[in-house]
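K.L.:
There's a structure below that I have some questions on.
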Amino acid sequence: MAILTYLEAIRQGIWEEMERDASVFLLGEDIAAYGGAFKVTAGLLERFGDERVIDTPISESAIVGAAVGAALMGMRPVAEMQFMDFISCGFDQIVNMAAKIHYRWGARVPLVIRGPAGAGVHGGPFHSQSNEMWFVHTPGLKVVVPATAYDAKGLIKASIRDDNPVIFFEHKYLYRRVKDEVPEEDYVVPLGKAAVRREGSDLAIITYGAMVRTALEAAGQLMTEGISVEVVDLRTLLPYDEQCILASVRKCSKVMLLHEDTRIGGMAGELAAMITEKAFEDLDGPVVRVTAPDTPVPFSPPLEDYFLPGVQKVVEAARKLAAY
Amino acid sequence: METARGASPLAKSRTDRKKTPGPDPQLLERMLYYLKLTREAESRIEQVLYRQGKIVGGVYVGRGQEAIGVGSAIQLVEGDVVLPSHRDFSCFLIRGFTLRQILCNWMGRANGPTRGRDNTLHIGDVNRGVIPIISHLGDTCPVACGVAMVLKRRGKNNVALVHFGEGTSSRGDVHEAMNMAGVMKLPVIFICNNNAYAYSTPTSKQYAVKDLAVRGAAYGMPGIVVDGNDILAVFSVVAEAIARGRRGEGPSFIECKTFRMSGHSAHDAAEYVPHELFEQWKQKDPIARFEKFLLAKRFLTEKQIERLGAEVTEQVDDAVAYAESSPLPEGASAAEGVYCGPDCWWKESSR
Ligand SMILES: Cc1ncc(C[n+]2csc(CCOP(=O)(O)OP(=O)(O)O)c2C)c(N)n1
Ligand SMILES: [Mg+2]
C-alpha cells in the first residue's frame, strides 16, 4: 500500500472516479493547467482533457448553478471552491436550487462541491472559516468532513457516487500534514458512518476534521494520567451517525463534543441535544463542548492560536469532566 | 465605448493661470512620490519580509500597476470615498494611513489598524474615506453604490471610486452594482485594473469580449479604455469620470490595461505567464515612464528623483523597524470587539 497525503488521496479518489465513470467532470477556478490553488487537481487535465477539467471565470454562483444543470442532465460534476469561504458567493444555488430539487420534483442532483476549509495557516477571516454548519442546516444536502487520507479518498469517491448534492470540506491544514496508507484499489467509505478512532471507557470525545488529531493527541496524554478516552470521528455531519455516537456515549457515560467551528449553532449543540434526548439516563456528567469562541477567525498568530481549540484546552476540559 | 480626455495635471489650473502659466509641478512630484513609495514598500513586503517569515499568510502586491491607484486616488477630495482592490496599496497612503500603520497590519501587530484581526490591505477607516475589500472578490462594488447613494443625498458633489481586477468583473455582484449605479445615476467610478491574469487564468478564459469597457454601455454609463501604465492618461480619464459624477451625471466604467509584474501572490512563481510578457511589460513600467517624462519636460532633475528614492527607502526602513518592534496582540483579545456596544473594545484605545 502506498503512503499518500490527505491531498494526494483526494486527487486519487477523483482520478479513479473519472476513470470509471465518464459522467464525472470537474469545474472551478484555476483547476486545469494550474492544477488548483492547492494542486488537488494537478495532472487531471493532462489525463482527461479540457472537456472534463474545466477552468471557469470567477463566478461561484455560475459554477454551482452550472453544476446543478449538468447534474440534472445526467452528469456528475465536481465543483471546486478555491477556498470554502468563497462558497458563500454560490450560496443561493446550493441551498435553494440544488438542495430542494429532489424534494420538490424528484429529480436527481448528483454533484459535489469541494474545497479547502479550516484555520491554522494564518489565512485571516476569509481564508480560514469552518463554515460547514451553513449547510448542515439545509435539508437536502449531505456534508462530509474527512480527517484521514484513507477516508479522504473513500469519502470523495462515495460523494461522487451519491445521487445528492454533497458539500465536501477538506481541511487545508491536513492537506500535506496527514499521511496514511491508502489502498490503490477501489473502495468507498460510506457517507453517514462515523468511525471510532480510539477505544476508551471513561469519556468519549466526539469530533471531526482536523480536531480528530487534536483529540487523539489529548487522549494519549490523558491515558498517562489514567483517563481512558474514546475518540469518535464523525466523517459525515449530515446525515450523522446517531448509532455510533450513542454507542460511545453509553459505553463511557461522559461525553465531550469538540470542533474547530464556533460555538453557537455549531455541530456540538445539535449533538448535545440529540444525546440528552436519546441517552439522558446513560449520562454521568454534563455534556461538555470544546469549540472556537464566537468570533471571526483572526489573522495574527497569537489571536489564531487563542481561537483554535488545542490539545491543552481539550486535556483540561477532559480532566474536569472525568472528575465530575 | 469612448476614449475620453479629461483634466490633467498638465492642464493649466485656474490659480496657475494668474501666475506663471503651466502644469502643477507639485502634484506631479506627489504622484511620483506615491508611486515610488508604493513600489518600495511592496517590494520590501514581498521580497524581504515574506521570505524572512516575518509576514505570514497571503501576500499580494501591485507591482507594475501603481499608476492606477495613484492616478485615480490622488484626485479625491474631502468627503470622497475609495474602495481599493488588493493591488492598490497607494490608495491607503494617499488617504492618510501611515506606512507604519500599514506595515503593522501586514505583520499582525497589536497597534495595526485591525489589531491583528485581519491582514494585508484589509484596512478601513470611514473617516478617511477608505473602505477595504474582503477577500471575496467584487463584494465592494455594491457597497460603493450604497456609499454613493449617501454621497449624492448629502449634495456635496462627492464621488466613490471602486477598484477591482478583470477577473473580479465576472462576479455577479459587480454586474448588479453596475446596473444599480446606472439606474440610480450614482456617482461611482468603477475602475477595473485589467492586468491580464486572474491568478493563473488569462483573460481569454475570463470574458468573451475584446474590451471589458463595452460593458459600460450595457449599464448606461461611459466605458473607457485607458493605458493603465500611463499615469497621466489614467489621471485624465478618471478626472473626467469624477467630473461627471460630481455634476450628477452618474457612474463611469474605466478599464485600465496593465500587467501583473508578480505572481498572483508571493508563493506563486507564475510559471504559466510567458516570460516574454514580463519582458515586454517591463519596458512599459509606469514609474520609469513617468520619470522619463518628468525629466524630459524638466519638471524634476535626476538629483531630485534620486532624493525622492532615498526618502522613500528611509521611510520604508523606518516603518519596517517600527512594525517589527511593535507588540503582537494578546491572544485573549481575540474575543473582544465582535459587537458594537456601550463598552466597545475598539473605542477604548486610540486608533
Ligand atoms: C469570490 C472569490 N473567488 C475566488 C477568490 C480567490 N482569488 C483571489 S484573487 C483571485 C484572482 C483575482 O483576479 P483579478 O480580479 O483579475 O485581480 P488581480 O488579482 O489580477 O488583481 C482569485 C481567484 C476570491 N478571493 N474570491
Ligand atoms: Mg487580474
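The values are calculated or read from the model by the stated rules, or taken from the named source; none is laboratory data. All of these numbers come straight from a predicted model, not from anything done at the bench. FYI the Cβ positions are ideal-geometry reconstructions off the backbone, even for glycines, and counts take in every protein chain you see.
K.L.:
What pairs come out if I take residues in segment B:134-151 that are within 13 Å of chain A (Cβ to nearest Cβ) and surrounded by fewer than 24 Cβ atoms within 10 Å (Cβ to Cβ) and pair them with residues that are outside any helix (DSSP H, G or I) and of a type outside the set (Lys, Arg) whose C-beta lies under 6 Å away, six or more apart or interchain?
P.N.:
As it stands, the answer is B:Ile134/A:Phe126; B:Ser135/A:Phe126, since those pairs meet every condition given.
K.L.:
Return the pairs, sorted by first residue and then second, in which the second residue is among the small types (Gly, Ala, Ser), the first residue lies in segment A:266-282 and is on the phi < 0 side of the Ramachandran plot, the beta carbons are less than 7 Å apart, and the residues are 6+ apart or on different chains.
P.N.:
Pairs that qualify, where the first residue is on the phi < 0 side of the Ramachandran plot and the partner is among the small types (Gly, Ala, Ser), are A:Asp282/A:Ser253.
K.L.:
Moving on to the next point. In segment A:259-302, how many residues are among the hydrophobic types (A, V, I, L, M, F, W, C), over 19 Å from the mean Cα position of the chain (by Cα) and within 14 Å of another protein chain (Cβ to nearest Cβ)?
P.N.:
Total meeting the criteria: 1.
K.L.:
Could you grab the pairs with beta carbons closer than 9 Å, sequence gap of 6+ or different chains, first residue in segment A:139-163 and at positive phi, second one in a helix (DSSP H, G or I)?
P.N.:
Hits for this filter: A:Gly140/A:Val95; A:Gly140/A:Ala98; A:Gly140/A:Ile101; A:Gly140/A:His102; A:Gly140/A:Tyr103.
K.L.:
Provide a single number: the residues in segment B:193-250 that are more than 21 Å from B:Ala160 (Cα to Cα), within 16 Å of ligand 1 (Cβ to nearest atom) and outside any strand (DSSP E or B).
P.N.:
13
K.L.:
Right, here's the next one. For the list (1) under 21 Å from A:Ser300 (Cβ atoms); (2) among the charged types (D, E, K, R); (3) more than 15 Å from ligand 1 (Cβ to nearest atom); (4) surrounded by 20 or more Cβ atoms within 10 Å (Cβ to Cβ), I need the number of the one condition that B:Asp118 fails.
P.N.:
It fails just one condition, (3).
K.L.:
Please determine whether any residue of segment B:245-264 is among the basic types (Lys, Arg) and either farther than 25 Å from B:Glu42 by Cβ or in contact with a helix residue (DSSP H, G or I) (Cβ under 8 Å, 6 or more places away or on another chain) (or both).
P.N.:
yes
K.L.:
Criterion first (within 16 Å of ligand 2 (Cβ to nearest atom) and either surrounded by fewer than 24 Cβ atoms within 10 Å (Cβ to Cβ) or of a type in the set (A, V, I, L, M) (or both)) does B:Tyr50 satisfy it?
P.N.:
No: the conditions fail for B:Tyr50.
K.L.:
Something else now. Just to verify a result, which residue in segment B:149-162, among those that are in contact with a helix residue (DSSP H, G or I) (Cβ under 7 Å, 6 or more places away or on another chain) and closer than 25 Å to B:Pro113 by Cβ, is farthest from ligand 1 (Cβ to nearest atom)?
P.N.:
Ranking the candidates gives B:Asn158 first.
K.L.:
Taking strands (runs of 3 or more DSSP E) that do not extend beyond segment A:164-272, which have at least 1 residues that are more than 18 Å from A:Val144 (Cα to Cα)?
P.N.:
A:179-182, A:195-198, A:203-207, A:229-233, A:255-262
K.L.:
Can I ask one more? Quickly run through segment A:1-10 and pick out the residues that are out of contact with any Lys or Arg (no Cβ under 6 Å at 6 or more places or on another chain) and either part of a strand (DSSP E or B) or surrounded by fewer than 21 Cβ atoms within 10 Å (Cβ to Cβ) (or both).
P.N.:
A:Met1, A:Ala2, A:Leu4
K.L.:
So which pairs qualify, if the first residue must be in segment A:97-108 and assigned by TED's automatic domain parsing to the domain that holds A:Ile167, the second must be part of a helix (DSSP H, G or I), the Cβ gap must be under 6 Å, and the two must be at least 6 apart or on different chains?
P.N.:
Hits for this filter: A:Met97/A:Val68; A:Ala98/A:Val68; A:Ala107/A:Leu72; A:Ala107/A:Ile101.
K.L.:
Here's a check for you: in segment A:11-39, which residue that is away from chain B (no Cβ under 14 Å) and in a loop (DSSP other than H, G, I, E, B) is nearest to A:Phe83 (Cα to Cα)?
P.N.:
Among them, the one singled out is A:Ser23.
K.L.:
Quick one: is A:Pro309 assigned to a loop (DSSP other than H, G, I, E, B) and under 30 Å from B:Ile55 (Cα atoms)?
P.N.:
yes
K.L.:
When you look at A:Ile54, is it within 11 Å of chain B (Cβ to nearest Cβ), in contact with a strand residue (DSSP E or B) (Cβ under 8 Å, 6 or more places away or on another chain) and buried (at least 23 other Cβ atoms within 10 Å of the Cβ), yes or no?
P.N.:
no
K.L.:
Does segment A:43-97 hold any residues that are under 18 Å from A:Pro116 (Cα atoms) and of a type in the set (Gly, Ala, Ser), and which are they?
P.N.:
Correct list: A:Ser59, A:Ser61, A:Ala79, A:Ser88, A:Gly90.
K.L.:
Report, by residue number, each residue of segment B:60-103 that is within 14 Å of ligand 1 (Cβ to nearest atom), within 14 Å of another protein chain (Cβ to nearest Cβ) and not small (Gly, Ala, Ser).
P.N.:
B:Tyr60, B:His86
K.L.:
State whether the residues of segment B:269-281 include one that is surrounded by fewer than 18 Cβ atoms within 10 Å (Cβ to Cβ), of a type in the set (Asp, Glu) and closer than 20 Å to B:Ser204 by Cβ.
P.N.:
Yes: segment B:269-281 contains one or more residues that are surrounded by fewer than 18 Cβ atoms within 10 Å (Cβ to Cβ), of a type in the set (Asp, Glu) and closer than 20 Å to B:Ser204 by Cβ.
K.L.:
Sticking with this one: State yes or no: is B:Ala321 on the phi > 0 side of the Ramachandran plot and among the hydrophobic types (A, V, I, L, M, F, W, C)?
P.N.:
When the stated conditions are applied, B:Ala321 does not pass them.
K.L.:
Please state which of the following conditions B:Glu240 fails to meet, knowing it meets all the rest: (1) over 25 Å from B:Leu151 (Cβ atoms); (2) surrounded by 19 or more Cβ atoms within 10 Å (Cβ to Cβ); (3) among the acidic types (Asp, Glu).
P.N.:
(1)
K.L.:
A further question follows. Could you check B:Gly220 against (1) over 16 Å from the mean Cα position of the chain (by Cα); (2) at negative phi; (3) away from ligand 2 (no atom under 15 Å from the Cβ) and say which number it fails?
P.N.:
Of everything listed in (1) over 16 Å from the mean Cα position of the chain (by Cα); (2) at negative phi; (3) away from ligand 2 (no atom under 15 Å from the Cβ), B:Gly220 misses just condition (2).
K.L.:
May I ask you to list the residues in segment B:165-206 that are within 11 Å of ligand 2 (Cβ to nearest atom) and over 16 Å from B:Arg260 (Cβ atoms)?
P.N.:
Scanning segment B:165-206 gives a single hit, B:Ser170.
K.L.:
Right, B:Ile133: assigned to a loop (DSSP other than H, G, I, E, B), closer than 19 Å to B:Ala73 by Cβ and within 16 Å of ligand 2 (Cβ to nearest atom) or not?
P.N.:
Judged against the criteria, B:Ile133 is a match.
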